[in-house]
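A short write-up of the structure that comes next.
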Amino acid sequence: MEQPRSHPEATEDAGSPGAERAALRRPFRAIIFDWDGTAVADRREHADALVTLADALLALDVWLVVVTGTHYGNIDRQFCRFVKPELRQRLLVCTNRGSEVFGFDAAGRLEARWQRTATPEEDRALTRIAEAVRDAIRQRTGLEVGIVYDRLNRRKIDLIPLPEWADPPKAQIGALLAAVEARLRAAGWTGGLAEVIHLTADLAAAHGLPDARITSDVKHIEVGLTDKGDAVNWIRAHLLEPQGIPLHDVLVAGDEFGPIGGVSGSDDRLREEAPGAVVVSVGAEPNGVPPGVLHLGGGPARFRELLAEQVWRWRRARGLTPQPPPPWVAALSPVAEPAWRLDEPTYLPAIEHRVESRFTVANGLVGVRGSLDQPTAASRPLTLVAGLFDTPNAPLAVPALVPAPDWLRLRITLDGQPLEIEGANDLRYARTLDLRRGMLLSDWCQRDAAGRTVRVRSLRFASQVERTLAVQMLQLTVDRPVAMRLEVWIEAPHDRLVLERATPDVTVWRTVNTGRRVAMAPFVQLWLGSDPMAPPTFRDGVAAWSWVATPDQPVTLLRTVAIARGERADPVVPARRAIAARARARDAGPEELLARHVQAWAERWEEGDVQIEGDEMAQRGMRYALYHLISAANPADERVSIGARALTGEAYLGHVFWDTEIFVLPYYIFTWPAAARAALMYRYHTLPVARARAQQLGYRGALFPWESADTGEEVTPPFVVNPTGRVIPILSGTLEQHITADVAYAVWQYWQATGDLHFLLNAGAEILLDTARFWASRVTWEEDGYYHIRNVIGPDEYHDGVDDNAFTNVMAAWNLETALEVAALLAQRRPARWAELRQALDLSDAELAHWRTVAARLFPGRIVDGVIEQFAGFFDLEPIDLRAFEPRAAPMDVMLGPERTRRSQVVKQADVVMLLALLWERFPPHVREASFRYYEPRTGHGSSLSPATHALVAARLGDVDLALHYVHETIAIDLDDAMGNAALGVHIAAQGGLWQAVVLGFAGMRLRPFGLAFDPHLPATWRALRFSVGWHGRRLDVDITQDPLTVTLTLRRGRSLMVEVGDLTHRLSHGECWTCHRDGPDGRWKESHYEPVTRARG
Amino acid sequence: MSRSPARVDDAACPIVLVALDGSPAAATALPIAAAVARQIGGRLGVLHVAARAVSAPDIARALGLTGPDWESIPVRVEVGDPVERILRATEDPDVALLVLTTHGREITSGERLGSVARRIVARAMRPILLVRPGPAAGKEAIAAEIRRIMIPVDGSEVTLRALGPVLALAGRLGAEIDILYVVEPGRAPRRERGGMTLPRYVDQPQHEWPEWAREVVDHLCACAGQCVPGRHPRVFLARGEASDQIARVAAARQVDALVLVRSSRLEPGHGRVLLSLLTSGPCPALLVGANLPVAEPTAAPERAEAAADA
């Protein structure tokens, strides 16, 4: 992205012509300026920007002198009281049109320096003059003319006392003049405003004040004893001469120098009494300006530009060279390699929600969607905290993750105008998800209405090291000097949170119904170069800084927020935790915070990266998948699990499904066991609720909920009104019971892969036994000599209430068998613990024997010509040729309607195919092949879980082209805009499925009791596939290349293990590298060589 | 998505302009135009374009604009080409809506739109409320207020972008909005980057559909640059031929006006869905034009045009 211009002279090109510019191209020691129309547009304006500029100039020892017709109170309200007290000594305010001068002492207290006091005679004369003018006009025209008496040393004759002209802005002076002239002439006062002024002068002389000062702002004729020239004279005598400031070092600014209605402008007296000074007008000056006045126009905004330029010139004149940015700002540059980044080069409102989902940064505790740094109406900014559930007050409502307060709010103001993305000029907004470092970077550049360009580069991340911390860094650069303001705050929370406690250190909110707490402790700093600027001002929870930004000096915001969740009985702890985490972050400093986060990500990638050579799309999709998988996990929290959209969106309410155990966990099991363990412990901690659920439905053991939130209760919504307007009952909550076996499967897979005996003894075994007990109670014995499971929903949810769903039945049988296996294992290896468990669960030998009988006689489903029947009667349903519906823009149940879909052989997602994927060894090859070939064309892939599973099985069957097709389909779920799903959050199960498709599918990795086996089938375009996996504390690097298909295995960590490639086996020692390749016409695997040294990975 | 309430425009008292040609058929647009003007707090303007000069009072009498309800209605009479005159009149920034009938005095046999209506529809940049005269859309039936508006969408960003003025008008009408997404069998999903599609994957319908409906509303807001008015805009899905489904759902939902986006100049072979609904739709149509390129497309497939029209 283009850098804003930084050459100082560039500013001057935009302003006045060359000769005039030259006069302004130097710093002035004193600046004398008019107030209304010059410094401010009106008396209601917030003069924050002016105050910022004044503070900066005063700090640079520049004298500022306000010369105004109004009284001090008006200036104070808008300006003086906001100027830093310690700087006010160099500020003078000349009020009441040259009749008063105010200054300030060293403490910033107001001092009256001088006042012109009228004698009683002068005062009476002024009144008589004004009234004589009024009477003369009235007499001749009958017009109503007003007089303002209560002004010091002057009277104001109002020539147009009409409501619509009560307070005309300076910008309308032309229209005002026309209205006044028209009013006078229409009433017969043919000489207009000029004649009134001449009359006033004549009457002043006639009433004894021949030196009366007569001016006009068009609406009024003012007759008084002093004018702005008197103020300048006082300044010359009492400021400029004593300070040795020559007039050519003085800048005079006003907006009314030129003649109006035939008389000189009210500011022209400034010019007359300051010969040699540089005089500029920022007013409209409809009749031009006197010689010597540089007419800049542009009003107060232009005047502030001048002041900002003066700040910059003084800083340079004082040798205040720009400070280099702190070294950690280098983190704002994203990783260069395309395979490590996801880019969104523009801001398009129509796709913003999709971008936000994809660009989420998260760490398993905190998730922050990738919204713009300054959200627009099209944004859905969202911070989610795992486990922060609440249940709305609505009938049949279910718990949902509550959006946490938005800690990222900010407002950037340039010269008093907020920077808005919507409707911006020359907007460029690029976002990059830096996958390698786990952070979102953005580069935002736009022009404001005055033509200034501001560039905002930012990064944000959720710390992988200290998960309570989320960090934002933001660097601001401008191309011209300007008064800038930055405000940051935490947005008022969602209506499901109530504020419980707010202190300067921490704010705590409580969920309305569940009483959970979330505490946020922010820490914000603005850095000028390598040093933090003064702390911000705080008002109503908003931290704000104001400063004069210059092109050569970017500033950097560093915002850290510590976020902690607490339970109902835990009102104090989260606040303490947040405060402590913030303190640690502050102590560490930005450089260490960043470095540790980046290092943590590097470690995760070291353990769990997958490299694919020859398929850019697959490599990018894989890295994206792994990024979100890493982001979703929190090994430190056993009380939460990973929802269907992780922490990337509100959709699915944060609910946990079988997605977690079957699709997501395998990646963690093989690359990050601690993360897998935490998720399984969540199931263990909710086991009592699962037992209660089984009992409630008349069964024994534990029935895990189809949808689970924080407590482990069943939280599946009971119905949905679909978009055709029909109320559809949702039966998954009661019938989709295979999740119970799915949890058991994950427990066993974890145990097999990790050998974590502690987990098995203290949690895993209990899950396996109680789930087996559920199945034993769930089955019914029937006259055909088999146990059956009737009225369930399998993974294919298009068919509900089916009998003997093969997936459910076989997984249940497997669950029972595995429970018996673990029982035998514990009895043999840990008899004491086994005795405890038996007692606790009241497990008798008879019950175990019954399990064995049930497992052996549980109806496995019909197999016809090698095809497993998905459920009883499936083969009799209507066959549908899905190809006839292509191209297709909707899921098949929408195309056919739910009733016909139910009567058809259209399968929503991998069901039998899923069973093949999970229990591959249980089925003979011809059954695997036949079943896959039968179901694959019947599957509508109405679930995001489906393509990856098909990819896995197709790859294992050696159909690599079909597998690759499904891999690309899986990647498209989130990354292709045409899928219509990405806006609602990342499909975390599909990401896990992608890893499985590649590692368990293309690499053909399978668990063996002694180690790991591989049976690779690579797509022709893939030159190489590399990844690492863990097994029982070891780390194995796997490197598969083509031509010939070659597998190289290197044991990086841990003691030796057995590995198997095809029909070869080998005991691999620590550091050893073993290579084999497929060779010859029979395609058998042959050992190539091995070397007992560690080879560097490519 | 939170946005400020929509407005028709900056006009404090917007004009609902009804264009007449002196025929009884065209005059059937008057009651609904008057009702809409009342509903949006605007004023009714009547424009009569004639071939020769005629006085406004004569026209008012001829149209039956007598009695206390009508006497204050300004009737403007212009002489010249009715299309040009009507289009010029809509250039008044205070005109929020043009109301006219699908045909007036004459309509060619087999045509769905009269020649004047067709040319105006093809060129107008203001929203048009197009009313079918005759018993099928009788005067009493169409004189009711517009309380429910249906917006059929096909996900095209171009279509959605055109809806800003309609949403603003709907906000001023205080109308509830139904959004209808139509899936036509055999049609490929849209590949537009900023377009809206049906979710390809509905993992769990109990979560996916409510969120998708929310996303449709948000997406419409983002594209149109206006919030969808009403407390509960509802999103519906229909499958089938677009014009049939739109007509069916509109009738079932008893909508008062159907929003149609014109994305072609209605040359022969274009605007199939739009023209069909103008003929057989169950209610008046509220037309807006998409921002069309200056060079009109000539070889665009009819199916794509028809979809965009829906």
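General remarks:
- The single condition from (1) assigned by TED's automatic domain parsing to the domain that holds A:Leu653; (2) surrounded by fewer than 20 Cβ atoms within 10 Å (Cβ to Cβ); (3) modelled with pLDDT of 95 or more; (4) within 34 Å of the chain's Cα centre (by Cα) that A:Arg1026 fails is (1).
- Of residues in segment A:600-629 being more than 22 Å from A:Phe359 (Cβ to Cβ) and out of contact with any helix residue (DSSP H, G or I) (no Cβ under 6 Å at 6 or more places or on another chain), the one surrounded by the most Cβ atoms within 10 Å (Cβ to Cβ): A:Asp615
- Test: A:Pro1044 is surrounded by fewer than 18 Cβ atoms within 10 Å (Cβ to Cβ) and under 16 Å from A:Arg1084 (Cα atoms): yes
- If you go through segment A:700-719 and keep only what is at the interface with chain B (Cβ under 10 Å from one of its Cβ atoms) and either over 16 Å from A:His655 (Cα atoms) or aromatic (Phe, Trp, Tyr) (or both), you end up with A:Trp706, A:Phe719.
- Here B:Val288 qualifies as at pLDDT 75 or above, closer than 15 Å to B:Arg123 by Cβ and surrounded by 21 or more Cβ atoms within 10 Å (Cβ to Cβ).
- Close Cβ contacts (under 7 Å, 6 or more residues apart or on different chains) running from residues in segment A:942-963 that are within 14 Å of chain B (Cβ to nearest Cβ) to residues that are surrounded by 24 or more Cβ atoms within 10 Å (Cβ to Cβ) and among the acidic types (Asp, Glu) comprise A:Ser943/B:Asp203; A:Ser944/B:Asp203; A:Leu945/A:Asp659; A:Leu945/B:Asp203.
- In segment A:359-379, the residues that are within 14 Å of chain B (Cβ to nearest Cβ), touching a residue at least 40 places away in the same chain (Cβ under 8 Å) and within 11 Å of the chain's Cα centre (by Cα): A:Arg369, A:Leu372
- Residue selected from segment A:630-648 under the condition touching a strand residue (DSSP E or B) at 6+ places or on another chain (Cβ under 8 Å) and more than 12 Å from A:Leu680 (Cα to Cα), by the criterion surrounded by the most Cβ atoms within 10 Å (Cβ to Cβ): A:Leu647
- Filter result for A:Val986 (under 37 Å from the mean Cα position of the chain (by Cα), closer than 30 Å to B:His207 by Cβ and either of a type in the set (Asp, Glu) or part of a loop (DSSP other than H, G, I, E, B) (or both)): yes
- Residue satisfying condition, being outside any helix (DSSP H, G or I), more than 22 Å from A:Asn791 (Cβ to Cβ) and modelled with pLDDT of 95 or more, within set A:Leu837, A:Leu826, A:Leu848, A:Leu843: A:Leu843
- Residue within segment A:720-739 that is more than 14 Å from chain B (Cβ to nearest Cβ), touching a helix residue (DSSP H, G or I) at 6+ places or on another chain (Cβ under 7 Å), part of a helix (DSSP H, G or I) and in contact (Cβ under 8 Å) with a residue 24 or more places away in the chain present: yes
- Scanning segment B:134-164 for residues that are at pLDDT 80 or above and either more than 14 Å from chain A (Cβ to nearest Cβ) or in a strand (DSSP E or B) (or both) yields B:Glu145, B:Ile146, B:Arg147, B:Arg148, B:Ile149, B:Met150, B:Ile151, B:Pro152, B:Val153.
- Between A:Asp540, A:Asp505, the distinction of being among the acidic types (Asp, Glu) and closer than 27 Å to A:Leu594 by Cβ belongs to A:Asp505 only.
- In segment A:686-699, the residue that is farthest from the other protein chains (Cβ to nearest Cβ) out of those that are in a helix (DSSP H, G or I) and in contact with a Leu (Cβ under 7 Å, 6 or more places away or on another chain) is A:Ala694.
- Among the residues listed as B:Arg303, B:Arg265, B:Arg248, the single one being among the charged types (D, E, K, R), part of a helix (DSSP H, G or I), modelled with pLDDT under 80 and surrounded by fewer than 21 Cβ atoms within 10 Å (Cβ to Cβ): B:Arg303
- Among the residues of segment B:230-240, those identified as among the charged types (D, E, K, R) and within 14 Å of chain A (Cβ to nearest Cβ) are B:Arg234, B:Arg239.
- For the residues A:Val66, A:Val51, the requirement of being buried (at least 18 other Cβ atoms within 10 Å of the Cβ), assigned by TED's automatic domain parsing to the domain that holds A:Val250 and in a strand (DSSP E or B) singles out A:Val66.
- Hits in segment B:187-202 (condition: more than 12 Å from A:Met979 (Cβ to Cβ) and either touching a Ser or Thr at 6+ places or on another chain (Cβ under 8 Å) or more than 7 Å from chain A (Cβ to nearest Cβ) (or both)): B:Glu192
- Restricted to segment A:189-293, the set of strands (runs of 3 or more DSSP E) holding at least 2 residues that are over 52 Å from the mean Cα position of the chain (by Cα) and either crowded, with 17+ Cβ neighbours inside 10 Å or without any contact (Cβ under 8 Å) to a residue 40 or more places away in the chain (or both) comprises A:213-216, A:220-224.
- Residue check, B:Pro189 touching a Pro at 6+ places or on another chain (Cβ under 9 Å) and buried (at least 20 other Cβ atoms within 10 Å of the Cβ): no
- Some residue of segment A:726-736 being under 20 Å from A:Tyr798 (Cβ atoms), assigned by TED's automatic domain parsing to the domain that holds A:Val912, modelled with pLDDT under 95 and not β-branched (Val, Ile, Thr): yes
- Qualifying residue in segment A:95-102 (condition: assigned by TED's automatic domain parsing to the domain that holds A:Thr38, under 46 Å from the mean Cα position of the chain (by Cα) and not in a helix (DSSP H, G or I)): no
- Residue check, A:Ile767 in contact with a Ser or Thr (Cβ under 7 Å, 6 or more places away or on another chain), outside the structural domain of A:Gly1030 (by TED's automatic domain parsing), hydrophobic (A, V, I, L, M, F, W, C) and at pLDDT 95 or above: no
- Total residues in segment B:157-167, condition surrounded by fewer than 23 Cβ atoms within 10 Å (Cβ to Cβ) and within 14 Å of the chain's Cα centre (by Cα): 2
- In segment A:862-890, the residues that are within 14 Å of chain B (Cβ to nearest Cβ), out of contact with any helix residue (DSSP H, G or I) (no Cβ under 9 Å at 6 or more places or on another chain) and not aliphatic (A, V, I, L, M): A:Glu886, A:Pro887
- Verdict on A:Gly297 being over 47 Å from the mean Cα position of the chain (by Cα), surrounded by fewer than 24 Cβ atoms within 10 Å (Cβ to Cβ) and not assigned by TED's automatic domain parsing to the domain that holds A:Glu195: no
The values are calculated or read from the model by the stated rules, or taken from the named source; none is laboratory data. On a predicted model such as this, the values are computed, not experimentally measured, just so you know. Counting neighbours? That spans all protein chains shown, and the Cβs are built from the backbone with ideal geometry, glycine included.
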